[in-house]
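The values are calculated or read from the model by the stated rules, or taken from the named source; none is laboratory data. Note that the coordinates shown come from a computational prediction; the quantities given were computed from them, not determined experimentally. FYI the Cβ positions are ideal-geometry reconstructions off the backbone, even for glycines, and counts take in every protein chain you see.
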Protein chains: 2
Amino acid sequence: MKRTLKIGELLDGVQRGNRKDISRAITILEDDLPGSRQFYAEIYRRGGNAFVLGVAGPPGAGKSSLINCLIREFRSRGRKVGVVAVDPTSPFTGGALLGDRIRMVDHSLDEGVYIRSMATRGSKGGLSRGTKKAIDVLDAAKFDVILLESVGIGQTEVDIIRVAQVTLIVVMPETGDSVQAMKAGLMEIGDIFVVNKADLEGADRAALEIAQFARSKDGSKPVVLKTSARTCDGVPELVDAIDKLAAGARAAKKSWAGDGALDDLREALGSMVDRTFTEGAAEAGWTELLEKVARREMDPDSAAELIIREMSGFTGHPSGPRRRKRAHR
Amino acid sequence: MKRTLKIGELLDGVQRGNRKDISRAITILEDDLPGSRQFYAEIYRRGGNAFVLGVAGPPGAGKSSLINCLIREFRSRGRKVGVVAVDPTSPFTGGALLGDRIRMVDHSLDEGVYIRSMATRGSKGGLSRGTKKAIDVLDAAKFDVILLESVGIGQTEVDIIRVAQVTLIVVMPETGDSVQAMKAGLMEIGDIFVVNKADLEGADRAALEIAQFARSKDGSKPVVLKTSARTCDGVPELVDAIDKLAAGARAAKKSWAGDGALDDLREALGSMVDRTFTEGAAEAGWTELLEKVARREMDPDSAAELIIREMSGFTGHPSGPRRRKRAHR
């Protein structure tokens, strides 16, 4: 990464779908390396076309096997598939059984498939800015479908439904306790529920229970389907259902594209303010304010207001905060 | 709430522990009512003494019954107890069985107990700023112990361990599946694990499993205890264990008080930037930037940088953003 970033070259490579360039582009944006700001501006302009499918569910439900089936099915329909995995228990991110890892290799020679695992969490929990930017890179690289895999609890769940046009929840054929646990969040974010391992006992009953309790984000009843990720049974029907919902989302795209921009902008703001504060704290004298707060001589809101007033002098990238020290009485 | 906020009077009431004043103070801060900024500055200065105990665990584990036992035990030791509940499934926040609600009434005539339920989530998930401020109010009102009750999944879990000096995880005597689910987050945030409903079968085995898998935030083995919240059996021993950890935390207080201030300040910054952006968007012309982002003519980071540069002119409370409109090319 020592040579100067040649944005034009890298951008060409990404747009041609060159794997090495895609990997490098994601790393540059994830690690915020020099030149990343200008590069991201170019990447972002070239996106907005990919369909993002969120895939969430508890560990052990068979998400990664199902994703393998989905990749195969989407490929058979001639679509390029990217996978961004943020689930720490996923084999894609490394917490894997050997069997799962080996199966991944199926796709490793196919230029129409790109798989990338990301750091799990942003500074505020949920998806990191880097994850969003990885999706933007795959979008610019003309991947038709981007699978966003997450364990989907807590803040990640909120972020998935913001980023993905359609969200798939993968569950096991179990009732009672697992449905109770699901209520903690997953039951309200799915557009499609997949009861995986459908050959196990209880699959029909689980599907019925989910149909009864779950609702999608717009309040309607979600689609409930059964699959077997071991054999990929039920996956063609699943992709049909996804495509149907995707077509609906695409028809409504104008509005949610705008929503997505607001989220992106608010997150970029939060992340930039946090970074500017952290990087500029010593030089700007904000550490003195922090000490006052620690001594309870000043409250955090008052300190924050002073900092925001001064922050305009400390933005700017990649040169870092400008040297300008102020004394705070 | 129409009369002008008399900060001095309200502050006196809070410091005397007057319930009505405490309730009003929390509402003023939670809803960010006029005068809240100056009032919060006064409240914050008067805090820093209370011991905050996080109480988390899955729905149905008996958190609220256990909290009733804890209140009773702390009261018998002469301490004032505040409860701030952010768990949407908790009877304290309204999602209750009638039996639980009735038991709450036990404490309703005791001036040494104050219970408040809060909106569950901040804008970024996790605890809201209002929740933190409620704790600051109870702190200023000289409550010795503040119980922070949360379901503790996802972002809330991260926030609890930041805010609470000691975190208690309440679990049921079940093994296998529930332990698996716990791994999703709770297993790594507890200083003390309580196997509640210890009269049920499997309690000993669950305690053993937890002792094996769990670790506290500093990496050490957590304390594992058994209680029965129905009879309050085991609760005196639990409070002894809490007190022991609290003493350790107090001895180390200087350092984590500073950490807490950094978190408070970063959150205040994030929350103020978000609000300033939302409230000032139209007047400042930032909606034009947002539209550019939505049309992919500009990336979110570049838009955020422009906004931060201008934001200094739009802070200030309670008057709201100043009128100053700019055109963005």
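In region A:267-296, which residues are modelled with pLDDT under 90 and over 30 Å from B:Thr287 (Cα atoms)?
Across region A:267-296, the qualifying residues are A:Ala282, A:Glu283, A:Gly285, A:Ala294, A:Arg295, A:Arg296.
Under 7 Å between Cβ atoms, which residue pairs at least 6 apart in sequence (or on different chains) link something in region A:270-284 that is free of Cβ contacts under 8 Å to residues at least 40 places away in the same chain with a partner that is surrounded by fewer than 16 Cβ atoms within 10 Å (Cβ to Cβ)?
Final answer for the pair search is A:Ala281/A:Thr287.
Where the second residue is surrounded by fewer than 19 Cβ atoms within 10 Å (Cβ to Cβ) and of a type in the set (Asp, Glu) and the first is under 18 Å from B:Ile26 (Cα atoms) and touching a residue at least 24 places away in the same chain (Cβ under 8 Å) and lies in region B:66-86, which pairs have Cβ atoms under 6 Å and are six or more apart or on separate chains?
Cβ pairs passing all conditions: B:Lys80/B:Asp144.
Kindly provide the set of residues from region B:53-106 that are basic (Lys, Arg) and either modelled with pLDDT of 90 or more or under 19 Å from B:Phe193 (Cβ atoms) (or both), ordered by number.
Taking region B:53-106 as the starting set, the residues that turn out to be basic (Lys, Arg) are B:63, B:72, B:75, B:77, B:79-80, B:101, B:103.
Hits for region B:53-106 are B:Lys63, B:Arg72, B:Arg75, B:Arg77, B:Arg79, B:Lys80.
Which residues, counting only those in region A:282-291, are out of contact with any Leu (no Cβ under 7 Å at 6 or more places or on another chain) and either facing another protein chain (nearest Cβ under 9 Å) or buried (at least 23 other Cβ atoms within 10 Å of the Cβ) (or both)?
Scanning region A:282-291 gives A:Ala284, A:Trp286, A:Glu291.
Mind listing whichever residues of region B:126-165 are more than 9 Å from chain A (Cβ to nearest Cβ), modelled with pLDDT under 90 and more than 12 Å from the chain's Cα centre (by Cα)?
Listed by number, the list is empty, since nothing qualifies.
Restricting to region A:17-64, give me the number of residues that are more than 10 Å from chain B (Cβ to nearest Cβ), β-branched (Val, Ile, Thr), assigned to a helix (DSSP H, G or I) and under 24 Å from A:Arg79 (Cβ atoms).
2
Using the structure shown, decide if A:Ser123 is in the same structural domain as A:Gly190 (by TED's automatic domain parsing), within 30 Å of B:Glu291 (Cβ to Cβ) and at pLDDT below 85.
Against the criterion (in the same structural domain as A:Gly190 (by TED's automatic domain parsing), within 30 Å of B:Glu291 (Cβ to Cβ) and at pLDDT below 85), A:Ser123 qualifies.
For region A:292-302: of the residues being within 7 Å of another protein chain (Cβ to nearest Cβ) and part of a helix (DSSP H, G or I), which is surrounded by the most Cβ atoms within 10 Å (Cβ to Cβ)?
Only one residue fits best here, namely A:Pro300.
Have a look at A:Ser312, A:Ser271 and point out the one that is surrounded by fewer than 23 Cβ atoms within 10 Å (Cβ to Cβ), at the interface with chain B (Cβ under 7 Å from one of its Cβ atoms), under 34 Å from the mean Cα position of the chain (by Cα) and of a type outside the set (D, E, K, R).
Result of the check over A:Ser312, A:Ser271: A:Ser312.
For region B:227-266, which positions are at pLDDT below 85 and within 30 Å of B:Lys197 (Cα to Cα)?
Selection gives B:Gly248, B:Ala249.
Please go through (1) in a helix (DSSP H, G or I); (2) surrounded by 14 or more Cβ atoms within 10 Å (Cβ to Cβ); (3) at pLDDT 85 or above for B:Val224 and return the number of the only condition it doesn't satisfy.
For B:Val224, the failing item is (1).
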